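**Student:** One structure follows; several queries about it will come next.
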Amino acid sequence: MNGLSLRDPQVIGTLAAATLCLGGVAVYFAMRKRPTEEELERERRALLVQSGRIIDGTLLDISELDTVESGRPTGMQLILYKYEIGGVIYECSQDVTTLRDLVNIYDCRLGFPCSVRYDTHKPENSIILAETWSGLRDTANSIPLRNVAAKPPRSRTAPLG
């Protein structure tokens with residue numbers, strides 16, 4: 001018989017190496033540090049800032065939940081907003097509790113336009129605020145208007161004489 005037997009040293013060595021590799025992978029997955037919910041949310045925001053498409057939306061409301069309502073020791077601050085993609089209106093909220101140093105929710109102008117970043121493959125995945133980007137606006141216009149009364153326009157005609 002020319003086949004390999006289970007008593008062959010090469011077969012035993014190969015099985016032992018494969019078992020050690022599988023055991024090492026199992027130990028790695030069992031012992032690795034799992035990301036916290038806050039880390040996962042930060043990564044989601046960073047991905048949307050990097051690759052999300054921007055669309056106009058509207059600020060609907062703000063909501064602040066105390067520690068009892070939110071079940072968190074620091075409470076929860078939410079900004080509610082809506083946007084429309086392909087005839088579908090999405091009404092979403094973003095938890096901005098960890099971004100408190102970047103935005104005061106009480107300064108948000110409700111009913112004003114905002115910019116929303118969303119995932120083109122999953123349009124309900126969206127944000128209006130991240131560590132490095134903000135879709136919140138100070139005015140109802142997305143483009144600031146120049147103060148035309150401050151300076152008269154320069155003349156482009158050549159001087160006479």
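**Student:** Taking the Cβ-Cβ separation of Val103 and Lys33 as r and a Förster radius of 35 Å, what is the calculated FRET efficiency to the nearest 0.05?
**Tutor:** Calculated value: 0.75.
**Student:** Next question. I'd like the distance between the alpha-carbon centres of region 63-77 and region 96-137, rounded to an integer number of Å.
**Tutor:** One Cα centre to the other: 19 Å.
**Student:** Follow-up question, since we're still on this one. Calculate, for Ser63 and Cys21, the FRET efficiency according to 1/(1 + (r/R0)^6) with r their C-beta to C-beta distance and R0 35 Å; round to the nearest 0.05.
**Tutor:** 0.10
**Student:** Peptides 91-99, 7-15: what's the order by average Cβ count within 10 Å, highest mean first?
**Tutor:** Averaged packing, sorted descending, gives the order 91-99, 7-15.
**Student:** Between Glu131 and Arg53, 0.36 nm times their residue separation minus their Cα-Cα distance comes to what?
**Tutor:** Gain on extension, Glu131 to Arg53, equals 26.4 nm.
**Student:** What is the mean projected area of the alpha carbon convex hull for region 37-127, to one decimal in square nanometres?
**Tutor:** 6.2
**Student:** Another question, then. For the peptides 124-130, 41-47, what is the packing order when you average, over each peptide's residues, the other Cβ atoms within 10 Å and list the highest mean first?
**Tutor:** The packing order, highest mean first, is 124-130, 41-47.
Computed from the coordinates by the stated procedures, all read-outs in this text should not be read as laboratory data. Just so it is clear, the model here is predicted, and its values are computed rather than measured. In this analysis, Cβ positions are derived from the backbone assuming ideal geometry, glycine residues included, and neighbour counts consider all displayed protein chains.
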